[in-house]
Each structure stands twice: as C-alpha cells, then as structure tokens.
C-alpha cells in the first residue's frame, strides 16, 4: 500500500506556476519580458507538466553555447553520488563495448516495448555483426537500421558477462563479473566513474537551462532484473544571458516516477573546482512480494534526493545516513562525457559514441529469471540509452505520480574531506520517521 506523507511533500513541492499569489492556475503565470527577466526571475514550476507551466523544451545549439562551454557547464554542476550497492557505479558504455561477451549483435524488431524494443530472439534472427568493428576505435554509427529483406527495423546490442538466476539476493553473477573487471577502487578501476551530460533548454525565453545527467550501469538487480540500466537526473539552471548560471532545481527519476525539488531543499556540495554539485542518492535495497515468491535486490539505480527508506508499494532503503553510509563518490571523481545534439557529434573523433547514433539496447535483450508480473509488463528487457528513442530524453520537469509516497527521507552524513563541503542542506522539516522494513524475505539460496 502506498502512503502519502504530507509534511514532506509540502516542503518539496511548489505552488502551481506563479507562486502563492497565483490564483488563476498554471496558465495564468505571466511570461516576463526579456528586459526585466534577469532583474525579477519568475518562480520555478517544480512539479507541473511542461505544457501547463508554459515551458517549451528545445535543443541547445553551438550558437547558444559552444561544445566547450557545454562541457564546462556540465563539469561545474555535475552530481556527487552516494551508492547503496558499493560494487557498482556509473561508468562509460566503453565497459560494455570491451566486455560484451559475443561482440556486437543485431536482430530485427517489431517496434518499441516500454523502455526497450520487441526484439526477435528466434534462432537465426540474432546475428553477430560481420565484419565486427573495433567498437572503441571504428566509427560504426552508420550501420544499417532496416533489414533489407523484410523491411523490419534493426536493433543492436551487447551482452554483459554474468546473468540473473532467480529471486534471491545472491542468485546473480553480474556483481562477480563487475568486481572481476573493476576491482574495488572506483578511481583506480579500468572503467572509473563517468557521467554523460546532455544540455537542452527547459525554457529558452526564461533562460532555464537543463543539464540532463545520464548514468549507465551494466545491470539492474532489484525487484525486477535486467541487463543494462540507464538512469538520469535533470539539473535546471537559471542562465541569464551574459550572466553567471545558478542552481535552480533538480528533477529526480526513479522507478517510472518523477520528482522535482527546489534547489534550496537539496543537498549540494562544492570542492576544489568551486562548483555547485547536487548530491544524488542511488537506490536501493528492497524486496517485493510477487506472490508466491519474494524478489529482492540491492542495485536499482534509481536517483533519489535524500537517503532513507522509501515506501513505493515496497520499502526501498537508500544509503547515505550515519548507519548506512554506502559508497560516496565526489563530483570531481567523475569524468563528464558530453552528449550534444546528434548532428553535433564528431564520430570520427569519438568513435566510442557510435552507439549514440544507432537503435541500441544495452544488454541481453531479455532476462527470463523474473516474476511473471515483471515479464508481463515488459520490465525484464534491456533498455535503450539516452537519445531521441528514450521517452525521457530532452524532457524537463514532469508531472509526478500523485500518490508518490516519499515517506522516510533521512539526513545525509557527508564523508570527511573538502569535496563534501556543503553549500546547501535541506531544512529539518524534510526529514520524517521512516517506515518499517518489509516483512517479505526471499527463500534461502
């Protein structure tokens, strides 16, 4: 059962566009003239649809900000991250390009399903791309996207080492494969922490600039299980023309839910770079009772605004508290890989981004060790990545689930060190008593 906790939502929500004096609804918010916008910025719409707020997302072009300027902004505001599962962090897709078990594969598909493709996995349909390109050093973004014989679409994919074998925490071999490749130290790993960054205008007239940070994880072991996992947050800046950009708000995305939070109610840190870095808390440890079985996992990838225990119809624990510190990775330890508009990508210079220009999913197309309800809703499939095929790409602050029950956020206990110097922390009213742990437990392995 979902539970709505009003004290928290009163803090993190904002009035419909226009502030407390707005009695005419979202569409009544006046749009400022360009001349007076910088002097008196309008209130931000935190949790409204783009249409209702009047926001009109559009691309950022090199005429707005050069690619070098986009890169610099993305580095200045990229998130610090706290992981609940210590053996996984956001990495480059290069990890999959290097360690895909059979090389780049291709199969026909019959359209999109949820966050993936309806891939034809019948014998003979899935083939290894021949000749196999050097996935790091060849430009392969112009591979065919339509089957010449049948006219069906084609989708490309790579299979990460390991698999999921069942519902128990330990019934997977993905983590062992990850540790075998990466070791235990993020900055010394063959594939150190990396975030992808894509800029777009949430509203150019109001100079609201969104930086969409994408996080790639090679697997998702949770109450549903699939290879490949793409998660994201939006950091929205006020970017006055000719002036310094400042942090406005952020959008968090987890388990199909959207949550906008004003910057004043977020944990933000700085470091030697002088940046203003949101702290993202990555889920999560949970069990869900798909009768008659209990399905559990520790790596959901969901991006949360606070640590604590979240009641989402199941209880998900998110690290970052004194009792459960997790693995904290400073913003400065992440490499930032820019994902500009597709037409602005120089594939000759960055051939390892060839996946960005193709229909591609990021793992074995399906994982059959899932609850029947997961399979029925197509949540056992490998996902598409950031790009026009992703439903949440180039999309700003969305309407949240009205029943979104964030029932147990707890205070963050920052690690020692200059990289975790707080520049903002939420008011104490954000934090409420967490719900109890799930009674559901899995059968022994």
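A short reminder: the numbers here are calculations on the coordinates, not readings from a lab. Worth saying up front: this structure is predicted, and the values here are computed from it rather than measured. All Cβ positions, even for glycine, are placed from backbone atoms using ideal geometry, and neighbour counts span all protein chains on display.
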For this session: Rounded, prolate or oblate: pick one for region 78-209, where a ≥ b ≥ c are the square roots of the eigenvalues of its C-alpha gyration tensor, a/c under 1.5 means rounded, and failing that, prolate if a/b is larger than b/c, else oblate.
Result: oblate
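Where the eigenvalues come from the Cα gyration tensor of region 182-320, what are the semi-axes √(5λ) of the equivalent ellipsoid, largest first, in whole Å?
Computed over region 182-320, the values are 30, 18, 14 Å.
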Problem set entry | Net lengthening on full extension, residue 102/residue 342 (0.36 nm per residue, minus Cα-Cα) | 83.7 nm
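Between residue 147 and residue 441, take the C-beta separation as r, use R0 = 45 Å, and let me know the FRET efficiency to the nearest 0.05.
On the way: r = 47 Å, r/R0 = 1.04.
Working from the Cβ atoms, E equals 0.45.
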Exercise. Residue 130 to residue 241: FRET efficiency via 1/(1 + (r/R0)^6), r the Cβ-Cβ distance, R0 56 Å, to the nearest 0.05?
Worked result: 0.65
Exercise. Cα centroid distance between region 307-337 and region 163-213, in Å?
Worked result: 13
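Quick check: from the Cα gyration tensor, does region 134-237 come out rounded (a/c under 1.5), prolate or oblate?
On the way: a/c = 1.74, a/b = 1.18, b/c = 1.47.
Oblate, since a/c reaches 1.5 and b/c is not below a/b.
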Exercise. Put a dot 7 Å past each Cα toward the Cβ at residue 68 and residue 418; how far apart are the dots in nm?
Worked result: 2.6
Seminar exercise, completed: Computed on Cα atoms, Rg of the chain relative to 2.2 N^0.38 Å comes out at 0.97
Exercise. Under the rule of -39500 (n - 2.57) per DSSP H run of 4 or more residues, summed and divided by the residues of the chain, what mean residue ellipticity at 222 nm is obtained, to the nearest 500 deg cm²/dmol?
Worked result: -2500 deg cm²/dmol
For this session: Please work out the FRET efficiency for the pair residue 121 and residue 179, using the Cβ-Cβ distance as r and a Förster radius of 35 Å; give the result to the nearest 0.05.
Result: 0.75
Exercise. How do 262-274, 157-169, 293-305 rank on mean C-beta neighbours within 10 Å, highest first?
Worked result: 293-305, 157-169, 262-274
